[in-house]
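Engineer: Okay, handing you the structure first.
What follows draws every value from the coordinates through simple rules; no lab data is involved. Values in this document were obtained by computation on a predicted structure and should not be read as measured data. Using ideal geometry, Cβ is built from the backbone for each residue, glycine included, and neighbour counts are taken over all protein chains shown.
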Amino acid sequence: MKANKTDYDAIVVGSGPNGFAAAITIQKAGLSVLLVEGKETIGGGTRSAELTLPHFVHDVCSAIHPLAVCSPFFKALPLEKHGLVFIEPAIAAAHPFDDGSAAALYKSMDQTAQALGDDEGSYRKLIGPVVKNWPRIIGDVLAPLHIPKHPLDMASFGLKALRSAQHMGKTFRSKKARGLWGGMSAHAIQPLSNAATAATGLVLMSAAHVEGWPMAARGSQSIANALAAYFVSIGGTIETNFYVDSLRQLPSAGAILFDVTPKQLLKIAGYKFSPIYKWQLKRFRYGMGVFKIDWGLDGPIPFTASECRQAGTIHLGNTFEEIAATEQLTSEGKHPEKPFVLLVQQSLFDASRAPAGKHTAWAYCHVPNGSTVDMTEQIEKQVERFAPGFKDRILGRHVMNTVQIEEYNPNYIGGDIVGGIMDITQLFTRPGLRSSPYKTSAKGVYICSSSTPPGGGVHGMCGYHAAKKALKDVFNKDVVVVN
Ligand SMILES: Cc1cc2nc3c(=O)[nH]c(=O)nc-3n(C[C@H](O)[C@H](O)[C@H](O)COP(=O)(O)OP(=O)(O)OC[C@H]3O[C@@H](n4cnc5c(N)ncnc54)[C@H](O)[C@@H]3O)c2cc1C
């Protein structure tokens, strides 16, 4: 059913976490909001589905949610009342090595540091201040560029965060600490020699110590469902199967916010934009893509290292040097034989994901943007390398190359899962250098996806900040959901 020509105060296009955050912020301000989603179901990167076999529930995109539990916006919403429960694995993340040992990121910073032996002090020195200052900096980290509320604490964070992961990795001497750091920083999806890749490692490791690295009970879809239920409970309207090709398709509204990336925004609303803004959107750069696999398994993954058998997330890449080399190769358009693999084993901690005694696992590796190469064998060899016997446990698998990922969610251009490369030039100025990154050159039209600050991940902060800007510009309302 298409939306009829009713007027709304605002329309949000796209039901990812940022689309919902924008819609909720505006609806909460006492205005009427229509949220439209092109696909049959809501959720964007927070959907779950039986991808492999009946009763095996897989996270199609995001799986682990440190940013959701850190998000000041999500924290301000009663999502628990709408069914959202987070489950914390015994160990946040583990990082196995070829000799059968593993490094681990525990909730406790002390335990993590102590397990790093000679690098205990270095770990405390690098991560300790970020953990200590976390409550004062997280709101500024997950926000557009502005004068921070606590400039000294932010400066102390920024001095480390703006360095490359490779540079900051020199802090550590042991294989364990360096490997752990490399795996964390590789979530930046770019060469570890790039400036500001240290920010990813610092934020993810500190987040584990402050809030944990949980998964959503019953799957990431529970996040979308809770956001949708809350939005509807405050009077919002959702319409699915409404793919927007042009602004002209939409009912009239004072503000329209797009949870899409620049490439799509140009197609949908380009005819309304100034030449300069169009030029800025055309220059926006997308980064590496991902090749994704989900498995239905006959038993848990038989990792050699005991830490890996208790961790939610496993980073498979062996040493810092090996990870740095594969990320570099991938950024040059190549497909490494031993890719860095990010793996999550949800069913170990959430029995609702698979039939009794059976298990699920989720993994991806980085590939060149737009790649159609099948990386199944390379990924499974990496798992087998640290968990001999893994392949014998596979009951079913579902794979997506970058083209299939983009078909699944049009925001993942060429398989880029963070809405555009988050390198030093696009970290703060996404989608372009403007007085507000959320405001387009067309009156009443805004962009609220992960292609705006603070970027990729399930936290809703892009949507929240975009909505605040629209509320101020269009409705002259100063709304603060998050302090
Ligand atoms: C394989 C994979 C693993 C990931 N792992 C994690 C993780 O573990 N933790 C984490 O925090 N993040 C993870 N992410 C990233 C995370 O999913 C995204 O950063 C996040 O979902 C971005 O939210 P968003 O609201 O900006 O956009 P999206 O979640 O992408 O939502 C955009 C929505 O807009 C809809 N849409 C697009 N164009 C139109 C149109 N023209 N008309 C109507 N609707 C439209 C789409 O269908 C989609 O539903 C992962 C992503 C992938 C793909």
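Engineer: Roughly speaking, what is the stretch gain from Ser435 to Val373, that is 0.36 nm per residue apart minus the C-alpha to C-alpha distance, in nm to one decimal?
Structural biologist: Separation in residues times 0.36 nm, less the Cα-Cα distance, equals 18.3 nm.
Engineer: Let me know the whole percent of all Cα-Cα pairs from the chain that are separated by more than 44 Å.
Structural biologist: 9
Engineer: If you stretched the chain out fully between Asp298 and Lys132, how much longer would it get, using 0.36 nm times the residue separation minus the C-alpha to C-alpha distance?
Structural biologist: 55.5 nm
Engineer: Straight-line reach only, C-alpha to C-alpha below 19 angstrom: list the lysines that Lys132 could link to, leaving out same-chain residues fewer than 8 apart.
Structural biologist: Those lysines meeting the cut-off are Lys107, Lys149, Lys160.
Engineer: On C-alpha positions alone, give me the angle between the axis of helix 320-331 and the longest principal axis of the chain, in degrees, nearest 10.
Structural biologist: 40
Engineer: Sticking with this structure for a sec: For Leu152 and Lys125, what does the FRET efficiency come to when R0 = 25 Å and r is the distance between their Cβ atoms, rounded to the nearest 0.05?
Structural biologist: Once the sixth-power term is evaluated, E becomes 0.90.
Engineer: Share of antiparallel DSSP beta bridges in the chain, in percent to the nearest 5?
Structural biologist: Restricted to the chain, the bridges split so that about 65 percent are antiparallel.
Engineer: Another question, if that's okay. With viscosity set to 1.002 mPa s and temperature to 20 °C, compute the Stokes-Einstein D of region 105-200, Rh being the Kirkwood radius across alpha carbon pairs; µm²/s, no decimals.
Structural biologist: 154
Engineer: What's the ranking of 208-219, 355-366, 141-152 by average number of surrounding C-beta atoms within 10 Å, highest first?
Structural biologist: 208-219, 355-366, 141-152
Engineer: Please compute the Kirkwood hydrodynamic radius of region 124-263 from all pairs of different C-alpha atoms, in Å with one decimal.
Structural biologist: Roughly 18.4 Å, rounded to one decimal.
Engineer: Rounded to whole Hz and in sequence order, give me ³J(HN,Hα) for region 414-426 from the Karplus expression 6.51 cos²θ - 1.76 cosθ + 1.60, θ = phi - 60°, writing x for Gly and Pro.
Structural biologist: Karplus values, whole Hz, x for Gly and Pro: x, x, 6, 8, 10, x, x, 4, 9, 8, 4, 7, 9.
Engineer: Excluding residues on the same chain fewer than 8 positions from Lys267, give the lysines whose Cα lies under 24 Å from its Cα.
Structural biologist: Cα-Cα hits under 24 Å: Lys2, Lys5, Lys39, Lys278, Lys282, Lys439, Lys443, Lys469.
Engineer: Relative contact order of region 298-350, please, whole-number percent, based on alpha carbon pairs below 8 angstrom and at least 6 residues apart.
Structural biologist: Computed over region 298-350, the figure is 41 percent.
Engineer: Which order do the peptides 385-396, 170-181, 284-295 take when ranked by the mean count of other beta-carbon atoms within 10 Å per residue, highest first?
Structural biologist: The peptides rank, most packed first, as 284-295, 170-181, 385-396.
Engineer: Continuing with this model, one more query. List the lysines whose alpha-carbon lies under 21 Å from that of Lys334, not counting same-chain residues fewer than 8 positions away?
Structural biologist: Within the straight-line limit of under 21 Å, Lys334 reaches these lysines: Lys292, Lys381.
Engineer: Kindly provide the helix-only [θ] at 222 nm of the chain, computed as the sum of -39,500 (n - 2.57) over DSSP H runs of four or more divided by all residues, to the nearest 500 deg cm²/dmol?
Structural biologist: Counting only the DSSP helices, I get -10500 deg cm²/dmol.
Engineer: Say the dipole of the chain comes from +1 at the beta carbon of Lys and Arg and -1 at that of Asp and Glu; which of Ser352, Thr237, Ala29 then lies farthest toward its positive end?
Structural biologist: Ala29
Engineer: Pairs of Cα atoms under 8 Å, at least six residues apart: use those to get the relative contact order of the chain, whole percent.
Structural biologist: Relative contact order, the chain: 25 percent.
Engineer: Still on this structure: Sequence gap at least 6, Cα distance under 8 Å: using those rules, report the relative contact order of region 344-483 to the nearest whole percent.
Structural biologist: 13
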